[in-house]
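Input: a single structure, listed below in structure tokens.
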Amino acid sequence: MSNPPVKPRLVLIGNGMAGVRTVEELLKIKPDHYDITIFGAEPHPNYNRILLSPVLAGEMTIQEIVLNELDWYKENNIKLHTGKQIKTIDRVKRKVIAEDGTEEDYDRLLIATGSTPFMLPIPGNDLPGVIGYRDIKDTDEMIEAARLHKHAVVIGGGLLGLEAANGLKLRGMDVTVVHLGPWLLERQLDEIAGKMLQKSLEDKGLKFLLETQTEALIQGESGRVAAIRFKGGMQIPADLVVMAAGIRPNYSLAESSGIYCNRGIVVNDTMQTYDPKVYAVGECVSHRGIAYGLVAPLFEQAKVAANHLAGYGIGRYTGSVTSTKLKVTGIDLFSAGEYMGGKDTEEIVLNDPHGGVYKKLVIKDNKLVGGVMYGDTADGPWYFQLLKDKRDIHDIRDSLIFGQSLVGDVGHAGKSKAAEMADNAEVCGCNGVTKGAIVQAIKAKGLFTLDEVKKHTKAASSCGSCAGLVEQILASTIGGAYTPAALDTKPMCACTDHSHKVVREAIVAKNLTSKEAVFAEMQWKTPNGCDKCRPAVNYYLISSHPHAAKDDPQSRFINERAHANIQKDGTYSVVPRMWGGLTTPDELRAIADAAEKYKVPTVKVTGGQRIDLLGVKKEDLPAMWADLNAAGMVSGHAYGKSIRTVKTCVGAEHCRFGTQKSMTMGIKLEKMLFDMYSPHKVKLAVSGCPRNCAEAGIKDVGVIGVDSGYELYIGGNGGIKTEVAQFLCKVTSDEEVMEYSGAFLQLYREEGWYLERTCHYMERVGLDYIKGKILEDEEGRKAYYFRLLDSLKDAKDPWATSREEQPIKQFIPIKLEA
Amino acid sequence: MSNWKLICKLDDIPQLGSRVVQRVTGGDIAIFRNAEDEVFALHDKCPHKAGPLSQGIVHGRKVTCPLHGWNIGLEDGQAVAPDVGSCSKFDVKVENGEVYLAV
């Protein structure tokens, strides 16, 4: 009998957030690869350390902040040693030895020993009643002290210190915060915001001693600390002293085993130490000279480490921009990046001391590089996203300080500020998810990302219009732990670590022409992708290599495979094209005949000026199309990420106000774009005069006739989020309308990410960028226009082709006799 | 004892695709073929809101319902976590390039 193959052994030192997160990421991408053992010095399973402050404040319990129950370790066959501190790492024999003598061998070692609070080197720092603030034990001790004692002193006016002070105050203690710096949170806030914060905390009853240096802690008769003395001689009573004056990475274990350390365990961009068998993540690490103390960067490190431990070797950690949010109920504060500003930066400031609102944005080279917000932090995540994306803000600069305009945001009754919402307020109108349910899931399940919230609650998983709101709720619930991924580095889906941008660039640069080639070249983690990445990859292939890449029907959503729209009962809807919204008695007769022949239950006029036949059985589709084709009609593509309609008004042909022939112009555009697939749906409109009866202001491309020619508008949207189209330029002839709008659409087809509407594409790249490509570069514009026409040169009606070719089988059910 | 019925040739089902088998009673059955030419059969009704799974995108050993994007395991008919629900499965086999269903 043969033994099962021996698995390599992975030992993790440190049962905290960074280490366990790495193991979770590893199990996600390569389960069963290692025999895993975890050592934790604390007697608890992995818990959410950043929520200790709400526990101290009495807003949550320890049980609520546990991230991985003991059962999780069991289910994943992880051997867990709690309450055991590792004493030695023997790198020659590749084993670790705990203080109690427990030994474990390893093939790969992961060190995540975190950090310890810095205890000021002053007399009395080891007295009973003097503690750091780091773990459950410290929290318990503070809760106990609050029960028995009166006076608390917190040394350090940073995030942790203020949260501790707030918690102790809520538990009834008299709390003084001693701070060496000139204002609170000087590493996160500028002076104005720091002073505003101090004022609100004073209103809550906290006392502050700024620019004050502690000299000694004085023992009382009971042996416990009794007072604190400052430089200059002042002394105040203290039954509890919490040191929150910074953290020190815990790297002595690694250092004593000969691993190179320099104020932390030194790792490279793949989270490897100088010993290639040993990885390190978390607060104990020094990466490019920086040790991070916030949780979001640690999670990014965990992802990279897991990928390399799994042997995929993709992904590098290149450092993080961090943001801060203070978890003190009732105080709204957010800061990110270079919030102080410098000599080559500019600042936009909104200061309303009476209203308690202060916002400062720091800008460098037309990009947001930092910001501080106090009192109104609703737009914090949005600013942070702009900062991470390095988005050029030149075109939105004049309204930037007022935040992301949410005007016209439908589906949640205009509510746009997470903090103001009641728990029973509906956030996701599609799936009926309330704010309370989201907060509950974030806390109970330990969720950290928008994707996780989507999966567990379904919020923002349908139309996505509430995604911003959900992000705000996430940010306000977990504070600094929340980091949105930068758009251009965010992985497409769980099948890959690559972003849309990277995949698309590789398809072009490496001339990849099939999904198999893409999956192999980009080392996809799943054999054939998923419902998210496959349609995207298929689109990138056919749009990048129009005639060389073959369309893969099985990578398309059913609507694009069946050339009709699936309905809730599994029937389909059929919309014949009516060029420019025009039709004829013959066409109407053919539609009426088809409706009767195939017993269509509902006939409806659509918003795009055509007729929808709803409730058609799939097996009837080919025959119905044949009838409609025979009457000269073709597919309306009402189902695709493609050109939909060109809506027109009557225009100069009949209208007494018309200045241009909008119907003719509309038909020309619709014929030019027939069968055009795009990242998302594309709608156009042409109005014959500025009265704009065709509603061109909310279309992807809107054309408005004026006496001297046409005005072109782009990036409008009348759906989820009403967006007014932006003025692109004015042209004089029909040919120019086709060239400019065609060039813009080709640019969007080549650069838009799958499922990104033109308005979102424009928000990402900026209108100035588009103007540069389309208006300022004539040769470039003509090249885009030419590529559009070239890729559409053999456009065919999918209704006709799908009847002739193999795919027809999908329409025919197999009948099983009883 | 199972009663194997010949349904179609393997090549009548596209790779990463499916076909619908209509029964006189008991509802439609969806037959799936994945990239490795494994064949699976499920009741053509998503446990969420009864969407036709046969119309979904097949990937690995899963299908994504076309209506609201639930992922259903092809082997066991179970919804992929965190969604919860199950859909009945049927025995199916391929012999000499022909697909048989146990009904």
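Residues checked against (1) farther than 18 Å from residue A:674 by Cα; (2) more than 31 Å from the chain's Cα centre (by Cα); (3) assigned to a helix (DSSP H, G or I):
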position: A:730; (1), (2), (3): yes, yes, no
position: A:750; (1), (2), (3): no, no, yes
position: A:773; (1), (2), (3): yes, no, yes
position: A:781; (1), (2), (3): yes, yes, yes
position: A:786; (1), (2), (3): no, yes, yes
Practice task
Among what's in the range A:768-808 and is among the charged types (D, E, K, R) and touching a helix residue (DSSP H, G or I) at 6+ places or on another chain (Cβ under 6 Å), pick the residue that is nearest to the other protein chains (Cβ to nearest Cβ).
Solution key: A:803
Fill in the blank from the handout: Pairs returned, first residue in the range A:511-525 that is at positive phi, second residue that is modelled with pLDDT of 95 or more, beta-carbon separation under 8 angstrom, 6 or more apart or interchain, are A:511/A:545
Exercise for the section: Output yes when any residue across the range A:67-87 is within 21 Å of residue A:143 (Cα to Cα), hydroxyl-bearing (Ser, Thr, Tyr) and part of a helix (DSSP H, G or I), and no when none is. Expected result: no
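Given the residues A:694, A:631, which is the only one that is surrounded by fewer than 19 Cβ atoms within 10 Å (Cβ to Cβ) and farther than 30 Å from residue A:555 by Cα?
Within the list A:694, A:631, the selection yields A:631.
Which one of these is in contact with a Pro (Cβ under 8 Å, 6 or more places away or on another chain) and not assigned by TED's automatic domain parsing to the domain that holds residue A:612: A:678, A:635, A:687, A:662?
Of A:678, A:635, A:687, A:662, the one residue that is in contact with a Pro (Cβ under 8 Å, 6 or more places away or on another chain) and not assigned by TED's automatic domain parsing to the domain that holds residue A:612 is A:635.
In the range A:258-290, what residues are at positive phi and surrounded by 21 or more Cβ atoms within 10 Å (Cβ to Cβ)?
A:264, A:271, A:282
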Problem - Flag for residue A:779 being in the same structural domain as residue A:673 (by TED's automatic domain parsing) and at negative phi - result: yes
Problem - Checking residue A:501 against (1) away from chain B (no Cβ under 11 Å); (2) part of a loop (DSSP other than H, G, I, E, B); (3) in contact (Cβ under 8 Å) with a residue 40 or more places away in the chain, the condition it does not meet - result: (2)
Fill in the blank from the handout: Condition set within 25 Å of the chain's Cα centre (by Cα) and aromatic (Phe, Trp, Tyr), scope the range A:530-580, selection nearest to the other protein chains (Cβ to nearest Cβ): answer is A:557
Handout entry: residue A:454 being among the basic types (Lys, Arg), under 21 Å from residue A:389 (Cα atoms) and part of a helix (DSSP H, G or I)
Key = no
Exercise for the section: Please go through the range A:534-553 and pick out each residue that is at pLDDT 95 or above and not in a loop (DSSP other than H, G, I, E, B). Expected result: A:534, A:535, A:536, A:537, A:538, A:539, A:540, A:541, A:542, A:543, A:544
Problem - Matching residues in the range A:570-588 - criterion: being on the phi < 0 side of the Ramachandran plot and touching a residue at least 40 places away in the same chain (Cβ under 8 Å) - result: A:571, A:572, A:573, A:574, A:575, A:576, A:577, A:578, A:579, A:582, A:586, A:587
Completion exercise
Counting only strands (runs of 3 or more DSSP E) entirely within the range B:1-87, those with at least 1 residues that are facing chain A (nearest Cβ under 9 Å), under 30 Å from residue A:452 (Cα atoms) and under 13 Å from the mean Cα position of the chain (by Cα) are B:17-22, B:57-59, B:62-64, B:71-73
Practice task
Those residues that are touching an Asp or Glu at 6+ places or on another chain (Cβ under 8 Å) and under 30 Å from residue A:335 (Cβ atoms), I need them from the range A:208-239; list them, please.
Solution key: A:208, A:230, A:231
Practice task
For residue A:52, indicate whether it is assigned by TED's automatic domain parsing to the domain that holds residue A:268 and modelled with pLDDT of 95 or more.
Solution key: no
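The values are calculated or read from the model by the stated rules, or taken from the named source; none is laboratory data. These figures come from a predicted structure and were not determined experimentally. Using ideal geometry, Cβ is built from the backbone for each residue, glycine included, and neighbour counts are taken over all protein chains shown.
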